[in-house]
1. Might you check whether a residue that is under 20 Å from the mean Cα position of the chain (by Cα), crowded, with 23+ Cβ neighbours inside 10 Å and at pLDDT 95 or above occurs anywhere in region 52-67?
2. Strands (runs of 3 or more DSSP E) wholly in region 302-391 with at least 1 residues that are within 21 Å of Tyr405 (Cβ to Cβ) - which ones?
3. When Ala75 is evaluated against the numbered criteria (1) outside any helix (DSSP H, G or I); (2) out of contact with any helix residue (DSSP H, G or I) (no Cβ under 8 Å at 6 or more places or on another chain), which criterion, by number, is the only one it fails?
4. Asp86 passes all but one of (1) without any contact (Cβ under 8 Å) to a residue 24 or more places away in the chain; (2) out of contact with any strand residue (DSSP E or B) (no Cβ under 7 Å at 6 or more places or on another chain); (3) more than 22 Å from Leu318 (Cβ to Cβ); which number fails?
5. Condition (residue is under 16 Å from Pro383 (Cβ atoms), buried (at least 19 other Cβ atoms within 10 Å of the Cβ), among the polar types (S, T, N, Q) and touching a helix residue (DSSP H, G or I) at 6+ places or on another chain (Cβ under 9 Å)) applied to region 265-273: is it met by at least one residue?
6. Got at least one residue in region 69-82 being surrounded by fewer than 20 Cβ atoms within 10 Å (Cβ to Cβ), farther than 28 Å from Leu461 by Cβ and modelled with pLDDT of 95 or more?
7. Can you spot a residue in region 358-373 that is polar (S, T, N, Q) and under 30 Å from Gly309 (Cβ atoms)?
8. Can you confirm whether Gly207 is in the same structural domain as Gln90 (by TED's automatic domain parsing) and either under 30 Å from Phe327 (Cβ atoms) or surrounded by 18 or more Cβ atoms within 10 Å (Cβ to Cβ) (or both)?
Amino acid sequence: MSSPLQSYIDGRWLLPTNPNIIDVINPATGQPCAKVALAGPAEVDQAVSAARQAFQGFASSTRQERLDLLSAILAAYGARMADIGDAIRQEMGAPQGFARQAQAGIGAAHLAQTIETLRHFNFEEERPNLRIVREPIGVAGLITPWNWPMNQIICKVAPALAVGCAVVLKPSELAPLSATLFAEIMHQAGVPAGLFNLVHGDGPRVGQAIARHPDIELVSFTGSTRAGIDVARLAADTVKRVSQELGGKSANILLPDADFPAAVAGGVRHCFSNSGQSCNAPTRMLVPEDRYAEVAAIAAATANAIKVGDPLDPVTELGPVSNANQFAKIRRLIQTGIAEGAELLAGGPEMPAGLSQGFYIRPTVFGRVTPAMTVSREEIFGPVLSILTYRDEEEAIAMANDTVYGLAAYVQSGDPARALAVGRRLQAGTVYLNSPEWSPAVPFGGYKQSGNGREYAEFGLAEFLEIKGIASR
């Protein structure tokens with residue numbers, strides 16, 4: 001039986017040679033719930049060697065063989081979804097229903113989408129005197145965060161395997177329980193030894209070793225912009241491809257003809273989903289100046305009605321934030337918002353009533369925020385919403401684009417054509433008009449400092465492919 005005290009390398013569970021054993025903290029209590037053994041560069045070397053060997057044969061596998069493998073993974077994953085949800089609840093404090101249905105469920109959605117995409121993906125095309133061939137890039141190093149652990153692991157692992165690559169995964173050391181279960185699933189599904197390797201570790205030892213490793217052709221990284229810059233620098237010496245999905249400070253523009261009661265309440269809840277720990281969360285709500293009082297009242301009432309509490313309590317809508325560092329950072333930024341003169345409409349830096357342990361943050365809404373304020377510019381990564389006002393549509397678009405980030409943007413309008421016209425002008429990798437349902441077929445990635453790659457569906461497969469042109473007479 002596996003445990004986070006072991007890494008999964010070349011089809012076997014192995015203890016690190018010189019492990020650094022740390023506690024896994026349950027953010028609902030602030031107390032340890034497990035331990036993880038952090039490995040080091042030696043284990044990365046071992047995993048890369050195994051992946052390199054496995055890639056030699058897998059690169060020439062047929063489409064049908066890879067479809068069969070992904071289907072076996074999906075079946076094994078479906079049988080363990082409740083276990084994965086429970087692990088995510090423990091390691092990051094997500095309410096149990098949300099952890100099982102959304103956090104674990106999103107992994108199954110990505111697997112199903114990758115299978116469907118692979119069925120029809122065009123690996124070769126013919127042009128006059130030219131054949132375009134798309135080939136697997138080789139060994140991919142995958143570095144994933146703690147906030148949506150299965151989303152980010154599977155939307156990297158699945159497309160890599162779909163096109164014939166082998167992988168070395170470093171999950172977040174803050175969320176190792178679900179990652180370990182995923183490695184079990186891969187083993188149970190019959191993934192050939194060496195194709196999938198998991199090395200538990202932190203950024204300075206394992207993440208850096210992956211980024212600089214000469215036998216890794218691509219690094220796919222999801223995390224903070226700061227860490228993404230470090231990965232790119234380390235990868236530069238070997239001129240490997242780096243695909244990044246980084247931070248965000250997404251604007252949600254409510255145009256004057258929007259349904260304000262629905263749009264405001266929906267925007268607040270979307271911002272606070274997953275305790276605000278989503279890089280594409282709509283954390284800046286832009287509203288007409290003459291509707292501010294109405295918006296402020298709806299937003300405050302919505303935030304105050306959200307049930308914060310124990311992830312095991314079925315009425316809980318918002319659990320704790322993931323870790324002590326995030327907890328301290330979010331509270332500091334809330335205090336900064338108050339000090340800089342934003343109007344506190346709901347929440348604040350104090351612990352929620354009735355909760356004295358764990359990393360709980362009150363759902364917080366700031367009004368009368370200006371573009372220069374810290375809470376308008378920095379990614380807070382917690383349940384904190386900033387409301388800004390605009391005078392006309394041009395100013396709203398300019399304010400939305402006035403950020404170093406460009407991951408997502410949102411537009412609410414009663415006129416779909418008007419929403420589209422505004423959406424076209426927003427500098428973001430994904431623009432959502434009038435709150436559509438999430439889909440794993442929509443490309444995900446950012447402009448500017450939000451990254452330089454794309455994930456999901458055929459866009460995700462393309463990240464793991466090299467393009468070869470074969471010209472002839």
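1. No, that holds for no residue.
2. Numbers: elements: 343-346, 364-367, 384-390.
It comes to 364-367, 384-390.
3. Failed condition: (1).
4. (3)
5. Among the residues of region 265-273, not one is under 16 Å from Pro383 (Cβ atoms), buried (at least 19 other Cβ atoms within 10 Å of the Cβ), among the polar types (S, T, N, Q) and touching a helix residue (DSSP H, G or I) at 6+ places or on another chain (Cβ under 9 Å), which makes the answer no.
6. Yes: region 69-82 contains one or more residues that are surrounded by fewer than 20 Cβ atoms within 10 Å (Cβ to Cβ), farther than 28 Å from Leu461 by Cβ and modelled with pLDDT of 95 or more.
7. Checked against the condition, which is being polar (S, T, N, Q) and under 30 Å from Gly309 (Cβ atoms), region 358-373 yields at least one hit.
8. yes
The values are calculated or read from the model by the stated rules, or taken from the named source; none is laboratory data. Remember, predicted model here, so these are calculated numbers, not experimental data. Note that we place each Cβ from the backbone using ideal geometry, even for glycine, and neighbour counts take in every protein chain shown.
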